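The values are calculated or read from the model by the stated rules, or taken from the named source; none is laboratory data. As the structure is a computational prediction, the values presented were derived from the model and not from experiment. Glycine gets a Cβ as well: all are built from the backbone with ideal geometry, and neighbour counts include every protein chain shown.
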Amino acid sequence: MKLEGIHHVTAITGDAPQNVEFYAGVLGLRLVKKSVNQDDPTIYHLFYADEAGSPGSDITFFEYPGAPRGRAGDGMIHRVVFRVASADALDFWQNRIEKEGLSTERSDDSLVFPDPEGLDLEFVIDGSGDAPLEARFPHIPQEFAIRGFEGVRAFSSMPEASKELFEDTLGFQPKGDSHWTVRGNQRGGFYRFDAPPQVRPLQGAGTVHHVAWASEMDDHTAWRERVLAAGMSPTPVIDRFWFRSVYFREPSGVLFEIATLGPGFTADEELEHLGERLTLPPNFEHLRDKLKGVLTPLPDPRARVGS
């Protein structure tokens, strides 16, 4: 069995309208699913990805309206890394991000910047050979579009505690003491630990909730059994309708999910209409009328004019 790289990354926002404006309107990702947190259906779960809503491109957000900013620290993911095609793409994005009033840090093959709530993002030049996972947005030339995830970086004061789980159970390939690659038959990426800052971690807006790794449907139960045999405490398999999930905390404290590559976001919406309306899994449909008065009104994610 092999994990097919990152399935999705889920973070927290305190301002869903601003979040939509940035991830769809500035970064040009497609809002492919507008739904609710299935563990707390009074709040949004927003999914941004490529045009097809593919695993490997999907950054998602829980909205806790008005949530104060968090602070990444020991046992938390602190940076989400995306691929772009070229140095010219990095130039394009540096200019576009700075026009939004956000600071950037540029090197030959990387661009680092925060989102509006402080989540650390990085664009790197894609050398993976994987099929690009791109959205189409009229204000972003296709050759500069985001191409999917490259990896995530987390803080850990004890990276050696995770080594056995990563390498012997999950099949991560070491690239150094605190750096691994995760590659399946179709896609791959990296997971890396950095030394944590001397501040207390605080989950809130602008922090990552969890990272999900992609599993073939037929392997999913076996992955749970392997994690359990390694001494972790995985949840039962949870049916999220668009995929199935198992969650556990790896020894450094980061919340991991193993999510299936199907059924996918077109299980209940046509591809050309993904994300246009509030979509609820069947067992939450009875809440629709109640939720209309609870959820934050959102802007049209592709209505930005001239930018």
Working only within the stretch 71-94, note down all residues that are in contact (Cβ under 8 Å) with a residue 60 or more places away in the chain, closer than 24 Å to Ala131 by Cα and outside any loop (DSSP other than H, G, I, E, B).
Arg79, Val80, Val81, Phe82, Arg83, Val84
Hey, any hits in the stretch 240-260 for a residue that's touching a strand residue (DSSP E or B) at 6+ places or on another chain (Cβ under 8 Å) and surrounded by fewer than 14 Cβ atoms within 10 Å (Cβ to Cβ)?
no
Is it the case that the stretch 176-193 has a residue that's touching a residue at least 60 places away in the same chain (Cβ under 8 Å), under 24 Å from Ala85 (Cα atoms) and of a type in the set (Val, Ile, Thr)?
yes
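Being in contact (Cβ under 8 Å) with a residue 60 or more places away in the chain and either touching a strand residue (DSSP E or B) at 6+ places or on another chain (Cβ under 8 Å) or basic (Lys, Arg) (or both) is true for just one of Pro41, Pro68, Pro17. Which residue is that?
When all the criteria are applied, what remains is Pro68.
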Condition broken by Ala67, with the remaining ones in (1) hydrophobic (A, V, I, L, M, F, W, C); (2) under 30 Å from Ser252 (Cα atoms); (3) outside any strand (DSSP E or B); (4) in contact with a Leu (Cβ under 7 Å, 6 or more places away or on another chain) satisfied
(4)
Restrict the check to the stretch 238-258 and report whether at least one residue is basic (Lys, Arg) and within 24 Å of Ala161 (Cβ to Cβ).
yes
In the set Asp219, Asp194, the lone residue that is under 27 Å from Phe123 (Cα atoms) and surrounded by fewer than 19 Cβ atoms within 10 Å (Cβ to Cβ) is Asp194
Name the single residue, out of those in the stretch 95-119 being among the small types (Gly, Ala, Ser) and without any contact (Cβ under 8 Å) to a residue 12 or more places away in the chain, that is nearest to Ala72 (Cα to Cα).
Ser103
Members of the stretch 181-198 found to be touching a strand residue (DSSP E or B) at 6+ places or on another chain (Cβ under 8 Å), outside any strand (DSSP E or B) and within 24 Å of Gly129 (Cα to Cα), listed by number:
Gly184, Arg187
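Considering only the stretch 108-160, give the strands (runs of 3 or more DSSP E) lying wholly within it that have at least 2 residues that are under 21 Å from Ile6 (Cα atoms), modelled with pLDDT of 95 or more and among the β-branched types (Val, Ile, Thr). Quick ask: steps written out before the conclusion?
Working: elements: 110-114, 120-125, 149-155.
Qualifying strands (runs of 3 or more DSSP E): 120-125.
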List every residue pair whose Cβ atoms lie under 9 Å apart, where the two residues are 6 or more positions apart in sequence or sit on different chains, the first residue falls within the stretch 267-288 and is at positive phi, and the second residue, located anywhere, is charged (D, E, K, R) and part of a loop (DSSP other than H, G, I, E, B).
Gly275/Glu269
Taking the condition closer than 30 Å to Phe113 by Cα, part of a loop (DSSP other than H, G, I, E, B), touching a residue at least 24 places away in the same chain (Cβ under 8 Å) and under 20 Å from the mean Cα position of the chain (by Cα), does Pro301 pass?
yes
Among the candidates Val227, Val237, which residue alone is aliphatic (A, V, I, L, M) and in contact with a Phe, Trp or Tyr (Cβ under 9 Å, 6 or more places away or on another chain)?
Val227
